[in-house]
Amino acid sequence: MHDKAPLPLRSRKALNLKGRIRVPGDKSMSHRALMFGAVAIGETRITGLLEAEDVVNTAKAMAALGAGVKRGDDGVWRVQGVGIAGLKSPDAPLDFGNSGTGVRLAMGLMATTPLTATCQGDASLHKRPMGRVTKPLELFGARFETAEGGRLPLTLHGARDPVPVTYTLPVASAQVKSAVLLAALNTPGLTTVIEPTPTRDHTERMLKGFGAKISVTVKDDGRHITLEGQHELKAQALDVPGDPSSAAFPMVAALISEGSDIVIENIMLNPTRTGLITTLIEMGGNISIENRRLAGGEEVGDLHVKASRLKGVTVPADRAPSMIDEYPILAVAASFAEGTTRMQGLEELRVKESDRLAAVEAGLQANGVTTRSGRDWLEVDGGKVLGGGMVITHMDHRIAMSFLVMGLSSAKDIAVDDSAFIATSFPDFTGLMNGLGAKLAPASA
């Protein structure tokens with residue numbers, strides 16, 4: 001288990017952001033590419049993999065479970081799979097750092113193989129709830145020994161004779177859905193996940209690409225995703241497009257910084273991930289999608305973004321699953337919009353890397369923005385942002401990046417108490433943003 005020394009960072013007003021950039025590979029697809037490759041037959045080749053700490057920790061975990069995982073000098077990752085029943089007990093605890101996606105999906109992958117593994121992470125990850133995943137995985141026959149409150153560190157004992165399940169998601173969560181589907185891979189018979197509210201569907205798309213027997217039907221009670229277990233996956237060649245959650249930060253920076261005109265290339269445009277783009281366009285954002293194309297079963301394109309006068313909107317609750325990670329940066333955009341922006345359906349933000357809803361509201365208020373909130377909603381009154389505050393990030397990479405973007409257009413500088421955790425998803429965030437003309441620099445604590 002590891003924790004980092006705080007790295008305070010400050011941003012100051014910047015105009016005329018210009019340039020063409022590429023953001024890191026999509027985080028969700030990167031985790032899944034490594035895991036599916038680990039249990040496929042043959043060698044999976046991955047280009048464009050996000051080489052951030054969260055994903056590297058997943059790569060290390062797959063190697064510890066018996067897969068061959070190597071990065072070539074050409075930047076291509078090669079994963080030699082062991083088959084759906086081939087994972088072995090690791091010799092040491094698996095450390096997932098800050099990644100809820102990594103640990104929850106890996107738990108599903110291991111749950112139906114008779115192995116024993118201990119999972120741990122950093123202090124932030126140890127605060128996050130794991131019961132939402134252990135509960136459905138126990139239905140397959142897996143057993144868990146957890147820390148108090150069902151949290152990490154935990155020890156998993158995989159099922160020797162797993163049984164198929166039908167499970168209705170109690171909350172909209174792509175991580176829980178994916179954990180159940182991964183457990184189904186080595187389970188005889190048909191396992192069905194019923195999803196009342198659609199969530200990002202990378203798992204279904206990628207599993208189909210690897211040859212899994214998986215089908216999706218839409219019924220009155222939601223999407224029914226059914227997987228027939230114990231069919232081997234076949235290794236693939238995958239090219240991971242840019243992460244729309246990472247693109248969100250330079251996109252909003254350009255919208256709120258006067259005179260800006262940027263292009264963000266090769267962004268994944270899966271419709272379950274484009275809620276922020278839809279919302280920003282509704283707010284008056286000048287965003288156009290160019291060079292649309294298909295890559296690896298996913299639609300991709302280039303985002304052309306220009307500075308815009310934004311107006312407040314009401315974001316419907318049913319859009320939350322398609323942009324759950326983007327609400328912190330949307331709240332920043334809303335701070336500069338004319339009028340009030342209301343965001344609904346945000347209960348999932350309470351159990352992210354931090355209580356993101358509370359952390360976002362505290363950061364906004366520390367910089368002179370008027371807000372109101374409830375258990376699952378937030379209102380932001382837009383206008384001129386005073387700035388001048390120090391934002392407490394709670395070891396949350398998205399909180400840090402969001403408020404550094406805010407400082408690019410606030411009247412006074414904005415500092416974050418810790419930017420070290422940005423490396424979990426966007427290792428060169430500071431360099432890329434400064435390359436466009438931003439002004440990010442170390443700050444004294």
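Residues that are under 25 Å from Leu169 (Cβ atoms), buried (at least 17 other Cβ atoms within 10 Å of the Cβ), over 19 Å from the mean Cα position of the chain (by Cα) and charged (D, E, K, R): does segment 243-252 have at least one? No, that holds for no residue.
Condition check ((1) under 19 Å from Met268 (Cα atoms); (2) not small (Gly, Ala, Ser)) across all residues:
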| site | (1), (2) |
| --- | --- |
| Leu294 | yes, yes |
| Gly297 | yes, no |
| Ala307 | no, no |
| Pro321 | yes, yes |
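Screening Ser99, Ser89 for residues that are under 29 Å from Leu238 (Cα atoms), assigned by TED's automatic domain parsing to the domain that holds Asp201, among the hydroxyl-bearing types (Ser, Thr, Tyr) and over 23 Å from the mean Cα position of the chain (by Cα) leaves exactly one candidate, Ser89. From the list Val405, Val369, Val332, Val360, the lone residue that is farther than 25 Å from Arg200 by Cβ, surrounded by 24 or more Cβ atoms within 10 Å (Cβ to Cβ) and among the aliphatic types (A, V, I, L, M) is Val369.
When segment 335-357 is limited to residues that are in contact (Cβ under 8 Å) with a residue 60 or more places away in the chain and not β-branched (Val, Ile, Thr), the one that is surrounded by the most Cβ atoms within 10 Å (Cβ to Cβ) turns out to be Ser335. Determine, yes or no, whether Pro153 is in contact with a helix residue (DSSP H, G or I) (Cβ under 8 Å, 6 or more places away or on another chain), in a strand (DSSP E or B) and closer than 18 Å to Ala64 by Cβ. Answer is yes for this residue.
Residues in segment 230-260 that are outside any helix (DSSP H, G or I) and of a type in the set (Ser, Thr, Tyr): Ser257, Ser260. Do we find a residue being crowded, with 19+ Cβ neighbours inside 10 Å, in a strand (DSSP E or B) and modelled with pLDDT of 95 or more anywhere in segment 169-184? Looking through segment 169-184, none of the residues is crowded, with 19+ Cβ neighbours inside 10 Å, in a strand (DSSP E or B) and modelled with pLDDT of 95 or more. Screening Glu326, Glu299 for residues that are surrounded by 15 or more Cβ atoms within 10 Å (Cβ to Cβ), among the charged types (D, E, K, R) and closer than 22 Å to Leu238 by Cα leaves exactly one candidate, Glu299.
Considering only segment 282-294, I want to know if a residue exists there that is in contact with a strand residue (DSSP E or B) (Cβ under 8 Å, 6 or more places away or on another chain), at pLDDT below 95 and not in a loop (DSSP other than H, G, I, E, B). Checked against the condition, which is being in contact with a strand residue (DSSP E or B) (Cβ under 8 Å, 6 or more places away or on another chain), at pLDDT below 95 and not in a loop (DSSP other than H, G, I, E, B), segment 282-294 yields at least one hit.
The values are calculated or read from the model by the stated rules, or taken from the named source; none is laboratory data. A quick note: this is a predicted structure, and the numbers were derived from the prediction, not measured. Glycine gets a Cβ as well: all are built from the backbone with ideal geometry, and neighbour counts include every protein chain shown.
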